[in-house]
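Beneath this line is the structure, given in structure tokens, with notes to follow.
All of the numbers you see were taken from the coordinates with simple rules; none came from a lab. Bear in mind that the values here come from a model prediction, so they are computed numbers and not experimental data. Neighbour counts are summed over all protein chains in view; Cβ atoms, including those assigned to glycine, are modelled from backbone coordinates with ideal geometry.
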Amino acid sequence: MTDLLRAGFSRLWRAPIFWLGIVFMGGYGVIVCWDVYESMLGGYADYFGGYTMYDLCRYHCIVTVFLPSVFCALFLGTEYEHGTIRNKLIAGKSRPAVYLSSLVLSLAACFLMIGAYFLPVCIIGPFFTEGLGVSPGTLALIVIGELLMAAALCGLCTLGSMLISRKAVLAVTLLLAVLAGLAVGGYFEGRLQEPEYYQGIMMTEEGELVDASDMENPSYLRGGEREAYQFAADFLPTGQALLYNFDMMVHPWAMCLYSLLILAASTAGGLIAFRRKDLK
Amino acid sequence: MEYVLQAVGLTKRYRRSSALNGLTMGVPRGAIYGLVGRNGAGKTTLIRLICGLQTPTSGTYTLYGRKNTDRDIDRSRRRMGAVVETPSIYLDMSAEDNLKQQYRVLGLPSFEGIGELLELVGLESAGKKKARHFSLGMKQRLGIAVALAGDPDFLVLDEPVNGLDPQGIIEIRELILRLNRERQITVLISSHILDELSRLATHYGFIDGGRMVKELSAADLEAACRKCVRLTVTDTAALARVLDGMGAEYKILDGETADVYQKIPVSRLTAALQAEGCELIDLQERDESLESYFVSLVGGGRHD
């Protein structure tokens, strides 16, 4: 597998999609910093309190969910498109080695792209944010959780890349899957954010205005149903991305565990399926 | 005879179809083995199986003495190179970078020999040009160069001259002959361009409907396709006496027919046969090519 990794990384360093990802995420980090800086100048801090590094470290998550799908479709998908995956197998490399080296490559590429976001954030951010915002331990847990969320997505996208031989089909499938995942995650979160009680004034069917404070919201999730929605939002990597991005994490440790589970399960399933796959 | 590859009862079934049906074959060491068959006969499926891209539904094959089910079959595969259907190359890399990439995959300690390989396939002047800008022939030759990285003893080429212009076909042919003669590389080559194959192959395997119809050496094929006159007579014993008397080379096929492998004066033959009380019923000149041999062998029917 060392040979495959050596070959893979050598290809990665010269892949335009990788550098495009690095530049994009680095640029996104700068834009986020600039946006936050402008908000501070506009008096945001006077009303809502200042931004912290904790905020800046979360704002990449919705963009990050697209990185594995785009990278895997365009970088790993090329192996099938150009037929070069055959060269590895004919040269006597085992299928698990080919699969795992692809996974390591996608993990490395995505982590480096996320790193490219953190670089400007860590250099510029401290100048206008109000400290970390949380304890160093909590911040580390959140950043590790975000990386594990990206790793889970890498596991799923690598699985798709190794099983779908047509690059165009792969690209469309992965992007649609991420969009669908975000939509589903958004729905779960929307339901979870429903207030337990209505606040303010409501208009009745007769057109009367009544004080609606402390009126029970029938859409509010309770009991087992709420737990199931919370579990789904925590479990789905796209749901996690929304939770991180909007600071709605309830079980950060469990989210890390779920990501690891997804990575392990998708890799195990992918290895079995790829071993059986008929390559052309 | 020592075999590089031996297949026994290889069968490959897909969900709705069957590509190989108990194919048995052997590729002798040092041979250029021509796999002949029409489209859909199972040539590419066979190559995919022996390259490890697919697994057989049943049956086995042995590569350099290791069965496909052996754990260390990968070690035998390291001794082979292959171009399956289209050349497997990175289109966004130059010829040299493609070879470097394959050297890394193989775990070779240095890039020594890349220049020699490029020269061998005639791509030494390709420079930094990306493979996507190569002609089909150049891509094919680069594919072969990639397959040759790591110095394999066994080269598998699937339809290597498909879509090439006449010049490209000649270049590939000369390259294959050079590899076989100078580097003693055993070559398995599939093609349905029979004329081209007949200029290369030392052994043939005729495949149809996923089965091996016939395997024979080029010498056997030449004998089978030899120019001859086929005679039909009333008594082949009398014909044999006459032909012996004339010093002709011949082969009695059955009680009425025989092939004579040289020109014979027909009037003298008729007179001599008449003297033996034998009548000449029919006389046909036969000149069978690989193509007509193939057609007569597979003939459009099934071979059960």
Practice prompt. Quickly estimate the mean residue ellipticity at 222 nm for the protein assembly as shown, helices only: each DSSP H run with n ≥ 4 gives -39500 (n - 2.57), and the total goes over all residues, rounded to 500.
Written response: -16000 deg cm²/dmol
Item to complete: Rank-order B:261-269, A:28-36 by packing density, defined as the average count of other C-beta atoms within 10 Å over each peptide's residues, highest first.
Response: A:28-36, B:261-269
Worksheet item: What is the Cα centroid distance between region A:23-66 and region B:126-184, reported in whole angstrom?
Response: 55
Item to complete: Pull out a ≥ b ≥ c, the square roots of the eigenvalues of the alpha-carbon gyration tensor of region B:78-121, then state rounded if a/c is under 1.5, prolate if not and a/b is larger than b/c, and oblate in the remaining case.
Response: rounded
Worksheet item: Which order results if B:Val260, A:Val184, A:Val250 are arranged by neighbouring Cβ count within 10 Å, fewest first?
Response: A:Val250, A:Val184, B:Val260
Worksheet, complete the sentence: From the cross-link list B:Lys227/B:Lys263; A:Lys280/B:Lys12; B:Lys43/B:Lys130; A:Lys167/B:Lys100; A:Lys280/B:Lys214, the entries with a Cα-Cα span beyond 20 Å are B:Lys43/B:Lys130; A:Lys167/B:Lys100; A:Lys280/B:Lys214
Worksheet item: Between A:Ile144 and B:Val8, what is the label-to-label distance in nm when each label sits 7 Å out along the Cα-to-Cβ direction?
Response: 5.6
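At a 10 angstrom cut-off on C-beta neighbours, averaged per residue, how do the peptides A:145-158, A:230-243 rank from highest to lowest?
Highest mean packing first, the order is A:145-158, A:230-243.
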Practice prompt. Mind computing the radius of gyration and Dmax over the alpha-carbon atoms of region B:100-257? Å is fine for both.
Written response: 22.9, 74
Worksheet item: Each label point is 7 Å from the Cα along the Cα-to-Cβ direction; what then is the distance between the points at A:Trp34 and B:Asp70, in nm?
Response: 6.3
Worksheet, complete the sentence: Dividing the surface of the Cα convex hull of region B:49-112 by four yields a projected area in nm² of 5.6
Discussion item. For region B:203-304, which GluC sites (Glu not before Pro) pass both filters: DSSP loop (anything but H, G, I, E, B) and at most 11 other C-beta atoms within 10 Å?
Written reply: B:Glu249
Worksheet entry | On Cα atoms only, tilt of B:136-148 relative to the major axis of chain B in degrees | 80
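Divide, for region A:50-101, the radius of gyration over alpha carbons by 2.2 N^0.38 Å, where N is the residue count.
1.81
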Worksheet, complete the sentence: The distance between the Cα centres of region A:76-133 and region B:265-301, in whole Å, is 71
Item to complete: Let me know the mean shielding of B:94-102 by other chains, meaning the per-residue number of their Cβ atoms within 10 Å of its Cβ.
Response: 2
Worksheet entry | GNM result for chain A, Cα springs below 10 Å: residue of A:Tyr44, A:Tyr244, A:Tyr229 fluctuating most strongly | A:Tyr44
Worksheet item: Measuring from label point to label point, each 7 Å out along Cα→Cβ, what is the A:Glu216 to B:Asp282 span in nm?
Response: 10.1
Worksheet item: Counting partner chain Cβ atoms within 10 Å of every residue's Cβ in B:47-56, what's the average?
Response: 4
Worksheet item: log10 I(q)/I(0), Debye, Cα-only chain B, no solvent, q = 0.09, 0.14 Å⁻¹?
Response: -0.56, -1.02
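Per-residue mean of other chain beta-carbon atoms within 10 angstrom of the beta-carbon, peptide A:77-84?
5
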Fill in: Where only C-alpha atoms are counted, convex hull volume of region A:84-216 per residue in Å³
225
Practice prompt. List the residues of region A:13-32 whose backbone N lies under 13 Å from a point placed 7 Å from the Cα of A:Leu119 along the Cα-to-Cβ direction.
Written response: A:19-30
Worksheet item: What does the highest-first list of B:87-97, A:10-20 look like by mean Cβ count within 10 Å?
Response: B:87-97, A:10-20
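Quick one: putting +1 on the C-beta of Lys and Arg, -1 on the C-beta of Asp and Glu, what dipole do you get for region B:37-185 around its Cα centre, in Debye to the nearest 20?
That gives region B:37-185 a dipole magnitude of about 420 debye.
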Worksheet item: Which log10 I(q)/I(0) values, to two decimals, does the protein assembly as shown give at q = 0.06, 0.08, 0.12 Å⁻¹ under the Debye formula with one point per Cα?
Response: -0.49, -0.72, -1.15
Worksheet, complete the sentence: At R0 = 30 Å the Cβ-Cβ FRET efficiency linking B:Glu116 and A:Asp278, nearest 0.05, sits at 0.25
